[in-house]
Structures are given as C-alpha cells and as structure tokens.
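Participant: I have a structure here, written as structure tokens, and I will follow up with some questions on it.
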Amino acid sequence: MIPLYWPAYAVISVANLFFFPLTIRGREHIPPTGAFIAACNHISNFDPPLVSYAVGRPIYHIAKKSLFANRVFGFLLASVGAFPIKREGSDVSAMRECLRKLKSGQPLALFPTGTRVVGDEAISAKAGVGFLAVKAGVPIIPIQISGTDQVMPKGSKRLYKHPVTIIIGEPIHVGRNVKYEEIAADILQKITDLK
C-alpha cells in the first residue's frame, strides 16, 4: 500500500504546468495489473517521482538509506513507496524486500546504474535488475528519461523550468539461464536505444 501515491501524482500534475512540460510516450506498455520492473536511466534526483508519475499506478522504489535519517523525510519517502537500501556492498534485506514486493504482484522501479549518471560519464549496470527479474519471474520495462537534469541539476535544491520527455519501451521477458550481469547490460542498452 502506498498511501500518498495519488496525492503526489496530483501535485506533479500541477507542477507539470509550471516547471516541466512533460511528454510521455509508450504508456500503453505499462501492464494495468501485476508486477514488473520499471528500469530507467538516472540523471537527476527528480527522476523517481516522474517515473512514478509516468507509470500511472502505485509503484515501489528503493532509495539510499541515508535519505531516511531524517524521520519526517523518511516518513514521506515511505508514504510514496520508497524503502531503504545500503549503497555499500550488497544489501540482502533490501533485495528480499524487492522480491517480496514483486512476488506479491507489486511493480518496482529501479535505476540499473545504481546512481546518477551525468553527461557522457561511463558507468555499468548493476546485476541486481537481472537477479530480481529472474527470481521474481517478472518482465522488465525499459524507460528513458531526459530533461530532468535541467529541471533539477546535480547539487540543486530547487526546480528550473525545462521540458522533460519520458519514453516507455515494450516489456522484456528474460530467460532463466542468462547471467544477471548480461541481463543488466542488455537492459541498459535498450534504455539508451529508446527513441
């Protein structure tokens, strides 16, 4: 249950009119029910709420544990579907929670790079997206977001007016005998190739 999903959706709908003229393409690829992994590139701290908005149904996120240090902010994050993950090493409990959400039919948003990537910075995808897709037996939906790095640049605490485009690709069903790293690399490439 994500109690503040629809109120947050309404806020973004209004903010869209003033800060970020938003174009969403491919929304028909989002399943109306059931679990899936929404795998998106990550260029701004503003990506998670816009990905949730683009999906158009309550969806869970993982967020770095340090964001939950402030009780009020942590409560708000949890209320919009976020739960914590440790950035250092592997967080087994967070992976178990991801699997629990997916196996109970809830969608999950992930950023395969694990962190923001600005400009032409080279970075590889984390194997977790492949692991979760195989273990939960759910499709991966590639999503490409652009423009949020101008709406909320790295280090910024405010929003700037700039158009944002979100492209949602067709669901990808992965095989059980494929290496998790290969799945992650393939998904990252498919996100990049979305036009």
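The values are calculated or read from the model by the stated rules, or taken from the named source; none is laboratory data. What you see is a predicted model, and the numbers here were worked out from it, not measured in a lab. Don't worry about glycine lacking a Cβ; one is built from the backbone with ideal geometry, like all the others, and counts go over all protein chains shown.
Participant: Out of the stretch 65-91, which residues are closer than 22 Å to residue 141 by Cα and part of a loop (DSSP other than H, G, I, E, B)?
Facilitator: 80, 81
Participant: For the stretch 92-123, give me the residue count where each residue is assigned to a loop (DSSP other than H, G, I, E, B), more than 23 Å from residue 171 (Cβ to Cβ) and not basic (Lys, Arg).
Facilitator: Within the stretch 92-123, residues that are assigned to a loop (DSSP other than H, G, I, E, B), more than 23 Å from residue 171 (Cβ to Cβ) and not basic (Lys, Arg) number 8.
Participant: Moving on. Which count do you get for residues in the stretch 96-124 that are surrounded by fewer than 23 Cβ atoms within 10 Å (Cβ to Cβ), of a type in the set (A, V, I, L, M) and either under 23 Å from residue 65 (Cα atoms) or touching a residue at least 24 places away in the same chain (Cβ under 8 Å) (or both)?
Facilitator: 5
Participant: Are there any pairs, at least 6 apart or on different chains, whose C-beta atoms fall under 7 Å, with the first in the stretch 163-184 and more than 17 Å from residue 136 (Cβ to Cβ) and the second surrounded by 14 or more Cβ atoms within 10 Å (Cβ to Cβ) and among the aromatic types (Phe, Trp, Tyr), and if so, which?
Facilitator: From the stretch 163-184, the pairs are 163/20; 164/20.
Participant: Then there's this: In the stretch 137-167, how many are more than 20 Å from residue 15 (Cβ to Cβ) and assigned to a strand (DSSP E or B)?
Facilitator: Qualifying residue count for the region: 5.
Participant: Restricting to the stretch 120-158, name every residue that is closer than 15 Å to residue 45 by Cα and not polar (S, T, N, Q).
Facilitator: 145, 147, 149, 151, 152, 153, 154, 155, 157, 158
Participant: Tally up the residues in the stretch 139-171 that are at pLDDT below 95, out of contact with any Phe, Trp or Tyr (no Cβ under 9 Å at 6 or more places or on another chain) and more than 21 Å from residue 115 (Cβ to Cβ), please.
Facilitator: Count: 1.
So that you can scan it fast, the table gives a plain yes or no per residue for (1) farther than 21 Å from residue 163 by Cα; (2) crowded, with 19+ Cβ neighbours inside 10 Å:
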{"site": "13", "(1), (2)": "no, no"}
{"site": "22", "(1), (2)": "no, yes"}
{"site": "47", "(1), (2)": "no, yes"}
{"site": "59", "(1), (2)": "yes, yes"}
{"site": "67", "(1), (2)": "yes, no"}
{"site": "73", "(1), (2)": "yes, no"}
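Participant: Inside the stretch 157-174, can you point out the residues that are farther than 29 Å from residue 130 by Cα and in contact with a Ser or Thr (Cβ under 9 Å, 6 or more places away or on another chain)?
Facilitator: Within the stretch 157-174, 162, 163 qualify.
Participant: Out of (1) surrounded by 12 or more Cβ atoms within 10 Å (Cβ to Cβ); (2) more than 16 Å from the chain's Cα centre (by Cα); (3) among the polar types (S, T, N, Q), the odd one out for residue 41 is which?
Facilitator: Among (1) surrounded by 12 or more Cβ atoms within 10 Å (Cβ to Cβ); (2) more than 16 Å from the chain's Cα centre (by Cα); (3) among the polar types (S, T, N, Q), the lone unmet condition for residue 41 is (2).
Participant: Check 110, 102, 76, 67 and return the single one that is among the aliphatic types (A, V, I, L, M), at pLDDT 95 or above, out of contact with any Ser or Thr (no Cβ under 8 Å at 6 or more places or on another chain) and within 25 Å of residue 151 (Cα to Cα).
Facilitator: Every option except 110 fails the conditions.
Participant: Out of the residues in the stretch 24-38 meeting the condition of being under 15 Å from the mean Cα position of the chain (by Cα) and assigned to a loop (DSSP other than H, G, I, E, B), tell me which one is surrounded by the most Cβ atoms within 10 Å (Cβ to Cβ).
Facilitator: Of everything passing the filter in the stretch 24-38, 36 is surrounded by the most Cβ atoms within 10 Å (Cβ to Cβ).
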